[in-house]
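A.B. asks: Here's a structure for you.
The values are calculated or read from the model by the stated rules, or taken from the named source; none is laboratory data. Source: prediction; values computed, not measured. All Cβ positions, glycine included, derive from the backbone under ideal geometry; neighbour counts span all protein chains shown. Side chains are part of the model used for accessible areas, which takes the heavy atoms of the whole protein and leaves out ligands, DNA and RNA. Shrake-Rupley method; radii C 1.70, N 1.55, O 1.52, S 1.80 Å.
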Amino acid sequence: MGESEVKVIGKWSSPYVMRVKIALRIKSIEHEHFEETLNPKSDLLLKSNPVYAKVPVLIHHGKPISESLIIVEYIDETWSNDNSPSILPSDPYDRALARFWATYIDEKWFPSMKSIITVETEEEREPYYKVLEEVVERVEDAFGKCSKGKPFFGGDSVGFLDIAFGSFLGWLRVTESLYGRKVLVEAKAPSLVKWAERFADDPAVKGLIPDHDKLVEISKPLQIKWRALAAIGKKY
C-alpha cells in the first residue's frame with residue numbers, strides 16, 4: 001500500500017485522530033500524515049471536511065471520510081481479509097453492542113472532561129465528575145459483557161470499543177493530574193484499570209498515546225479558548 005493512497009489529516013493531541021491511527025496500525029496500512037494547525041485551518045482540511053472542518057479526515061484514493069468512528073469502520077471494512085484482524089465483532093449483536101457503547105462514550109466522556117478543564121471552580125466541576133464516575137461504572141459492567149472474560153472489549157485483541165474508549169486515556173490522566181482527583185480507580189473499576197494498562201502496552205497502541213507533559217502544556221491555552229467560547233455561548 002503506497003503512502004499516496006492513504007492520507008490522514010490530524011492533530012497530535014486529538015483522541016479522535018488517535019482512533020484512526022490505531023485502526024490503521026491494526027490493519028498494517030501505511031499512510032501519509034498531515035499535521036493540522038487548526039488556527040488557521042488548512043485549505044486541505046476545509047476542502048476535505050467542509051461540513052465540520054474538524055480532524056480527523058481519512059483520504060483514500062482522493063476520497064475524504066470524516067468522523068473518527070465512521071473512519072474506523074471504513075478501515076475495518078475496506079481492509080478486510082484473512083491476514084488482517086477484524087476491528088468490529090463478527091457477530092451482529094456484539095457489533096451493535098460495541099457501536100452502542102462507543103456512541104455512549106462519545107456523548108458522555110470527552111464533553112465532561114472538556115467541561116472539567118473549562119470551568120473555574122471545584123463546585124462547577126462536581127457535576128461533570130459525577131458523569132465521568134457514572135460512565136466508568138457503566139463501562140466497567142459493559143467490559144464484562146463485551147470481553148467475555150478475555151483481555152479486551154474486542155476479545156483477544158484491541159477492537160472497536162477498545163479504540164473508542166482507550167483513545168481518551170491520555171486526556172483522562174491530564175484531568176487527574178491537574179485537579180488531583182482520579183476517576184479510573186481499582187476500588188470502583190478493577191477490570192478497567194487492568195484493561196487500561198493492557199491497552200496502553202498493546203503493539204497497536206504503544207507510542208500513540210500523546211505525551212502527558214505535552215498535553216498538560218497545551219491544556220492551559222485550550223482552557224482559555226474553551227472558556228471564551230463558553231462565554232460567547234452564554235450571550236446567545
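A.B. asks: Cβ-Cβ under 6 Å, sequence separation 6+ or interchain: first residue in the stretch 117-137 and among the aliphatic types (A, V, I, L, M), partner open to solvent by 60 Å² or more (accessible area, probe 1.4 Å). Which pairs?
C.D. replies: Once the first residue is among the aliphatic types (A, V, I, L, M) and sits in the stretch 117-137, its partners that are open to solvent by 60 Å² or more (accessible area, probe 1.4 Å) give 131/108; 135/108.
A.B. asks: How about the stretch 94-107: which of its residues are closer than 15 Å to residue 15 by Cβ and either buried (at least 16 other Cβ atoms within 10 Å of the Cβ) or among the aliphatic types (A, V, I, L, M) (or both)?
C.D. replies: Scanning the stretch 94-107 gives 102, 105, 106.
A.B. asks: Residues 74, 104: which one is closer than 18 Å to residue 7 by Cβ, of a type in the set (Phe, Trp, Tyr) and part of a helix (DSSP H, G or I)?
C.D. replies: Details: 104 fails: closer than 18 Å to residue 7 by Cβ.
Exactly one residue qualifies, and that residue is 74.
A.B. asks: Among (1) farther than 24 Å from residue 69 by Cβ; (2) under 17 Å from the mean Cα position of the chain (by Cα); (3) surrounded by 18 or more Cβ atoms within 10 Å (Cβ to Cβ), which single condition is residue 212 missing?
C.D. replies: With (1) farther than 24 Å from residue 69 by Cβ; (2) under 17 Å from the mean Cα position of the chain (by Cα); (3) surrounded by 18 or more Cβ atoms within 10 Å (Cβ to Cβ) applied to residue 212, the lone miss is (3).
Quick grid of which residues meet (1) β-branched (Val, Ile, Thr); (2) in contact with a Pro (Cβ under 6 Å, 6 or more places away or on another chain):
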site	(1), (2)
35	no, no
38	no, no
53	no, no
57	yes, yes
63	no, no
72	yes, no
77	no, no
86	no, no
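A.B. asks: Going through the stretch 119-137 one residue at a time, which ones are open to solvent by less than 20 Å² (accessible area, probe 1.4 Å) and in contact with a Phe, Trp or Tyr (Cβ under 8 Å, 6 or more places away or on another chain)? Quick ask: steps written out before the conclusion?
C.D. replies: At the first step, the residues of the stretch 119-137 found to be open to solvent by less than 20 Å² (accessible area, probe 1.4 Å) are 125, 129, 132, 135-136.
Within the stretch 119-137, 125, 132, 135 meet the criteria.
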